[in-house]
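Please read the structure below before turning to the comments.
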């Protein structure tokens with residue numbers, strides 16, 4: 001085993017940071033270490049905190065950290081910021097919000113941001129989760145904005161996903177609620193001291209009821225059926241008696257209110273997964289999400305390397321496509337043909 | 001040329017719908033038709049409408065459709081919904097908002113949603129854009145929630161990207177602003193009749209000024225430099241004298257206010273791209289974004305097909321990974337090795 005892997009297994013933060021930097025750099029050396037660590041993972045409990053911008057996720061995460069630290073648990077945090085890193089403002093913001101824990105060796109916070117159009121955010125999150133798991137962090141919190149496609153994947157890397165909403169976000173928020181209903185193990189109505197928090201709770205209840213109705217009587221619209229057929233995952237199956245009903249917890253994170261209730265909801269879900277036998281199902285889904293992200297990323301890297309070798313660099317190839325001199329569909333078929 | 005491609009080139013909506021369904025289905029037959037159409041694309045002007053949930057993007061899109069129709073232009077709309085299609089609510093919502101145009105043959109609206117963890121939303125958007133372009137739509141509007149990684153890619157498929165903000169979304173919205181600053185060709189402050197719209201405009205101005213400052217004096221923080229180095233794209237370069245300053249337009253879309261100003265801002269940006277010589281640069285970036293999405297999708301499909309052939313189906317493989325019996329990193333390396 002490499003010295004780096006050994007240091008990480010003994011919990012060294014500096015070693016873990018070094019590996020995470022290599023992960024971020026797409027350094028092939030990182031994979032070798034991740035392979036060494038893999039057998040030592042699977043012990044951490046992963047909590048996802050997701051929701052719209054402005055919902056107060058960072059403050060909530062900050063308070064959850066404090067909660068688990070009081071219980072003597074070591075905590076890892078991955079703050080995923082899907083916006084671009086160009087101005088640096090967002091990342092700095094996350095760090096400032098959580099800086100009360102900066103001197104606590106029991107808290108390890110890592111920010112991850114989008115890397116231009118090569119993507120790979122969910123892959124990087126999955127990798128960093130494995131590192132924090134291998135170094136012995138008992139609870140890992142993954143915080144992300146929950147409205148993008150990759151971000152929904154990221155939420156699915158968690159054992160318990162908490163979806164955070166706030167009052168007064170307008171009617172369009174219904175759309176988001178419809179989407180995130182499926183990934184929520186618990187709903188948090190944060191800033192519950194604001195007007196309209198009861199309305200959000202009522203709307204959530206109504207949507208949860210609607211979900212039951214939809215499951216009993218699936219839509220007959222052809223388009224909808226067509227989409228449902230193509231959708232991946234087991235969540236479309238009726239869950240029967242062993243079904244988990246996501247609790248709705250009101251919090252005012254900035255004033256540390258409702259955190260005990262939220263932690264209890266998370267504990268209950270964890271107990272549910274374990275006693276219902278659904279823990280294993282969840283682990284399979286987590287592994288599937290991680291594998292697909294990993295494959296997507298590695299295959300793209302290999303394909304782009306091959307493109308560069310055979311056709312020239314990406315910008316040159318794109319210029320030929322823009323001039324209609326090169327057909328991107330033929331090119332993609334050619335490169336994918338080799339991967340078959 | 002196939003009959004389907006011919007029908008699409010002559011502008012038939014039913015033929016285009018059929019191909020788009022095949023695209024959505026990942027039907028390999030679709031690629032052959034897309035290859036036939038490719039040489040006939042490049043004529044449409046593509047406008048991106050992006051922003052947070054609740055910003056009123058669908059209403060704004062609806063009014064822009066009406067605006068371009070009044071000018072006699074044929075319009076295509078791709079409403080991208082990154083939330084899950086399970087409940088169908090969001091998609092239905094989009095359609096309801098735009099249904100005033102349902103009987104107008106000059107307006108062709110298509111909704112696209114996430115397809116589980118196989119992703120591919122930006123690939124599907126790129127493909128549908130080509131179809132609408134080939135069928136002769138003069139203006140194509142792509143509407144998407146602008147806070148995810150894929151959604152930023154989608155915004156980069158446009159010639160002119162309009163970022164929509166609303167007053168009163170709280171302090172955390174700063175984070176989003178920081179991220180979308182880089183992709184905005186125009187800012188829209190919608191619901192400008194609400195309190196705080198002037199504050200949003202002021203904050204945007206301040207951030208645009210900050211961007212100038214950051215460009216003149218890049219951050220020296222090591223982490224930040226490290227990330228910037230890895231980021232893709234030419235937007236990090238100082239743009240010099242030919243720089244476009246994104247205008248800030250106030251609208252109240254629900255009352256049809258400010259639409260003329262917004263349309264003018266879009267026209268100005270279009271003229272800027274053409275006269276500054278940056279149109280070509282933009283086309284290259286668009287082609288690059290589309291190619292990367294296409295490669296990511298095709299390579300993943302090929303890799304998963306190979307996985308299935310050699311190791312068993314995805315769920316079985318994921319189960320072995322969850323039990324730590326199979327190392328996903330070794331597996332990904334093996335599959336990517338073949339793609340090299």
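The values are calculated or read from the model by the stated rules, or taken from the named source; none is laboratory data. Keep in mind the model is a prediction, meaning the values are calculated, not measured. Cβ placement follows ideal geometry from the backbone for every residue including glycine, while neighbour counts extend to all protein chains displayed.
This table checks each residue for (1) buried (at least 24 other Cβ atoms within 10 Å of the Cβ); (2) at pLDDT 70 or above.
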position: A:146; (1), (2): yes, no
position: A:152; (1), (2): yes, yes
position: A:165; (1), (2): yes, yes
position: A:174; (1), (2): no, no
position: A:179; (1), (2): yes, no
position: A:182; (1), (2): no, yes
position: A:190; (1), (2): yes, yes
Just the residues that are at pLDDT below 95 and over 18 Å from residue A:26 (Cα atoms), please, taken from the stretch B:325-340. B:338
Taking the criterion of being at pLDDT below 75, in contact with a helix residue (DSSP H, G or I) (Cβ under 6 Å, 6 or more places away or on another chain) and at negative phi, would at least one residue in the stretch B:116-133 satisfy it? yes
Could we say that residue B:248 is within 7 Å of chain A (Cβ to nearest Cβ) and more than 16 Å from residue A:301 (Cα to Cα) here? no
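Can you tell me which residue among B:231, B:287 is under 30 Å from residue A:317 (Cβ atoms), in contact with a helix residue (DSSP H, G or I) (Cβ under 7 Å, 6 or more places away or on another chain), at pLDDT 95 or above and surrounded by 12 or more Cβ atoms within 10 Å (Cβ to Cβ)? It would help to see each step written out before you state the result.
Working: B:231 fails: at pLDDT 95 or above.
The conditions single out B:287.
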Answer yes or no as to whether residue A:138 is modelled with pLDDT of 85 or more and either buried (at least 24 other Cβ atoms within 10 Å of the Cβ) or out of contact with any strand residue (DSSP E or B) (no Cβ under 6 Å at 6 or more places or on another chain) (or both). yes
For the condition touching a residue at least 24 places away in the same chain (Cβ under 8 Å), over 19 Å from the mean Cα position of the chain (by Cα) and crowded, with 23+ Cβ neighbours inside 10 Å, what is the one hit in A:64, A:4, A:37? A:37
Selected residue (only one of B:255, B:211, B:205, B:199 is modelled with pLDDT of 55 or more and surrounded by 15 or more Cβ atoms within 10 Å (Cβ to Cβ)): B:211
Give the residues of the stretch B:92-113 that are surrounded by 15 or more Cβ atoms within 10 Å (Cβ to Cβ) and either modelled with pLDDT of 65 or more or under 16 Å from residue B:20 (Cα atoms) (or both), sorted by residue number. B:101, B:106, B:107, B:108, B:109, B:110, B:111, B:112, B:113
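Residues are listed down the side, and each one gets a yes or a no for (1) surrounded by 21 or more Cβ atoms within 10 Å (Cβ to Cβ); (2) more than 17 Å from residue A:161 (Cβ to Cβ); (3) in contact with a helix residue (DSSP H, G or I) (Cβ under 6 Å, 6 or more places away or on another chain):
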site	(1), (2), (3)
A:21	no, yes, no
A:24	yes, yes, no
A:50	yes, no, yes
A:54	yes, yes, yes
A:57	yes, no, no
Matching residues, the stretch A:296-316, being crowded, with 23+ Cβ neighbours inside 10 Å and facing chain B (nearest Cβ under 7 Å): A:296, A:298, A:299, A:300, A:302, A:303
In the set A:69, A:14, which member is under 30 Å from residue A:181 (Cα atoms), more than 20 Å from the chain's Cα centre (by Cα) and more than 13 Å from every other protein chain (Cβ to nearest Cβ)? A:69
Just to be sure, is residue B:270 out of contact with any helix residue (DSSP H, G or I) (no Cβ under 6 Å at 6 or more places or on another chain), assigned by TED's automatic domain parsing to the domain that holds residue B:195 and either under 30 Å from residue A:328 (Cβ atoms) or surrounded by 14 or more Cβ atoms within 10 Å (Cβ to Cβ) (or both)? yes
Being more than 16 Å from the chain's Cα centre (by Cα) and in a helix (DSSP H, G or I) is the filter; apply it to the stretch A:275-295 and report the residue that is farthest from the other protein chains (Cβ to nearest Cβ). A:275
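Given the criteria more than 18 Å from residue B:126 (Cβ to Cβ) and part of a helix (DSSP H, G or I), does residue B:14 qualify?
Taking the combined requirement at face value, the residue satisfies it.
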Unique residue being more than 10 Å from every other protein chain (Cβ to nearest Cβ) and either closer than 19 Å to residue B:122 by Cβ or under 18 Å from the mean Cα position of the chain (by Cα) (or both) when the list is B:29, B:44: B:44
